[in-house]
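The values are calculated or read from the model by the stated rules, or taken from the named source; none is laboratory data. Keep in mind that this is a model prediction, so the values were computed, not measured. Positions of Cβ are generated from backbone atoms using ideal geometry, with glycine treated the same way; all protein chains shown enter the neighbour counts.
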Amino acid sequence: MTTRRPALTTLGKLFLSLVTFALLAATALSIYAQQPAHSEAPNGSEPPVFLAVDVAPPGTASRLRTLHSFTGEPDGANPYGGVVIGKDGVLYGTTQQGGTLGYPLGTVFSVTPPVSLGGAWTEAVLYYFTSYMSGSDGIYPRAGVVIGSGGVLYGTTEYGGNYDLCPGGCGTVFSLTPPASPGGAWTETVLHTFMSTDGIAPWAGVVIGSGGVLYGTTTSGGASNSGTVFSLTPPTSPGGTWTETTLYSFLGRTGDGASPFAGVVIGSSGVLFGTTCYGGTGACVGSLPGCGTVFALIPPQSLGGPWTERVLHHFSGNDGNYPSAALVIGKGGVLYGTAEQGGTSNSGTVFSITPPKTPGGAWTEAVFYNFTGYNGFTDASVVIGKGGVLYGTTRGNGTSTSGYGTVFALKP
C-alpha cells in the first residue's frame, strides 16, 4: 500500500469537518497584509504578502458565508478535494468519508446557488460510495472531480475496486453522468479498477486531454511499486469499454522519482508535467529515499509508441523537498509549484522551473520563496493571477503559534 508522510496522515480522518464554500461572486474583500520576518526572496522576486481574507456579500455584516456544513451522515464528511464550477454556477465536489448510514465511504455532491440573491444554497448528494469489500465500486475519494462533455463528472477513489490484490482495494476511476431529465438520478460507472501492476491508490484526480482522454497518477503500484502515470481512452462507441494504459512506471531508484501524490498538467504538444514526492538524487531521509522530482512525460512520435519520461529537476532539500501538489503552467511554459518541506527553514518553498532556450537543454529551477516556521508547510498548488502574481495557502500558523494557516500572494 501507499507510504504516507506523517504530515498528511494527521489530516483528521477521525473528525467530521465543518467545511466552508465561499461565494466569490459579488463579494467584498477586506485584505490585511503582513510581511513575515526573515523572508527570503531570491531571483529578484518580492517577499510574499500573507493575507487574512474577509468574504462578505454586499449589505451584510457577515465576514464569511457558509454555503453548506457537512453533517457526516447522510451528506458526507471530510472533503479533501476542492470544488469545480459547472453550468449555472453549480459547485461539484467529493467528500472523502461520510454518506449513507453504515457506509460512510464518501460521496459526490453538488451545491446549487439560490434563485434569488441572498437565498439559501442547496446541497444534494449525487452519489454514495457504498461497496466495501465487495463489488467493483470505489471508496474514499480524496480528490475532487472534473467536468467533461455533456456535464459528466470524472474522478478517482483512493481505495475500493479490487480487494483481492490490495487490502482495502487498489482504487478506481469513475464517471458520474447527469440525468436525462431534471431531478433524476445520476449514474455512476467505474471506468477502471486498478490491479496493482498498473497502479495503487490514486490520491489526485484526473485531467481531460484531447479527445476526452483522461490522465492521472497513482501513488504506488506499477512495475517498481513506486507509482504510475496512466491514461484512460474513451470508447469509440457509446457504452463501450474505456481503455487504460500505463504510460510510465516510476523506478524509485537510479535518480528517478517515486510516489506522485499530485496529478499531472498538460502542456504544449500534449506533454504531461508533474511532481513526485520522493525519489531523485537528493539525500533526504524520509519514508522513502530522495527529496522528490519534477518530471515531464513526452508523448510518442508515432501512435502506440512508448512515452518518454524526463526528470527536469531533482530536489536537494535546500531548495525544497517532498513536493506533493500539482504544478501550474505560466507564461512561456514556466512551471510553478510548491514543496511541502525543505528550504532554508525546512518549512517549504515556492519554486519555478523554466524551460530551456533550445530544445533538449536543461530546465532551470529557481526558489521564489523560502517559508519560515510560522508561515510555511504547504501541500497545495498555487494559482496564477493578474500580472503573474502567485496565490496559495499554507498549513503553518501564520504570525503566531496559535494560528491556523495563511493565504499568501507572491509577486514575481
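Has the range 324-337 got any residue that is under 17 Å from Val264 (Cβ atoms) and among the hydroxyl-bearing types (Ser, Thr, Tyr)? The answer is yes; a qualifying residue exists. One residue is enough: does the range 236-249 have a residue meeting the conditions over 26 Å from Gly148 (Cβ atoms), at pLDDT 95 or above and not basic (Lys, Arg)? Checking the range 236-249: at least one residue is over 26 Å from Gly148 (Cβ atoms), at pLDDT 95 or above and not basic (Lys, Arg). Of the residues making up the range 176-199, those that are under 19 Å from Val229 (Cα atoms) and not acidic (Asp, Glu) are Val190, Leu191, His192, Thr193, Phe194, Met195, Ser196, Thr197, Gly199. Look at (1) touching a residue at least 12 places away in the same chain (Cβ under 8 Å); (2) under 24 Å from Leu251 (Cα atoms); (3) not hydrophobic (A, V, I, L, M, F, W, C) and you find that Pro306 fails only one, number (1). Reported count of residues in the range 327-361, each being under 14 Å from Thr293 (Cβ atoms) and of a type in the set (A, V, I, L, M, F, W, C), is 5.
Of all residues assigned to the range 336-343, none qualifies as being at pLDDT below 95, touching a Leu at 6+ places or on another chain (Cβ under 8 Å) and outside any loop (DSSP other than H, G, I, E, B).
Restricted to the range 346-375, and to residues that are touching a residue at least 40 places away in the same chain (Cβ under 8 Å) and of a type in the set (S, T, N, Q), which residue is surrounded by the most Cβ atoms within 10 Å (Cβ to Cβ)? Of everything passing the filter in the range 346-375, Asn375 is surrounded by the most Cβ atoms within 10 Å (Cβ to Cβ). Within the range 213-247, take every residue that is surrounded by fewer than 24 Cβ atoms within 10 Å (Cβ to Cβ), in a strand (DSSP E or B) and touching a residue at least 24 places away in the same chain (Cβ under 8 Å) and give me the one that is nearest to the chain's Cα centre (by Cα). By that ranking, first place goes to Tyr215.
Evaluation of Gly304 against the conditions (1) over 24 Å from Val207 (Cα atoms); (2) of a type outside the set (A, V, I, L, M, F, W, C); (3) in a loop (DSSP other than H, G, I, E, B) shows that the sole unmet condition is (1). Answer yes or no as to whether Ala180 is assigned to a loop (DSSP other than H, G, I, E, B), of a type in the set (A, V, I, L, M) and on the phi < 0 side of the Ramachandran plot. Judged against the criteria, Ala180 is a match. Taken over the range 248-274, the criterion of being buried (at least 22 other Cβ atoms within 10 Å of the Cβ), free of Cβ contacts under 8 Å to residues at least 40 places away in the same chain and on the phi > 0 side of the Ramachandran plot is satisfied by Gly252 alone. Against the list (1) farther than 27 Å from Cys170 by Cα; (2) surrounded by 16 or more Cβ atoms within 10 Å (Cβ to Cβ), the condition Phe109 fails is (1).
Quick grid of which residues meet (1) surrounded by 17 or more Cβ atoms within 10 Å (Cβ to Cβ); (2) closer than 23 Å to Pro179 by Cβ; (3) not basic (Lys, Arg):
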| position | (1), (2), (3) |
| --- | --- |
| Thr66 | no, no, yes |
| Ser69 | no, no, yes |
| Tyr80 | yes, no, yes |
| Thr95 | yes, yes, yes |
| Gly99 | yes, yes, yes |
| Gly119 | no, no, yes |
| Glu123 | yes, yes, yes |
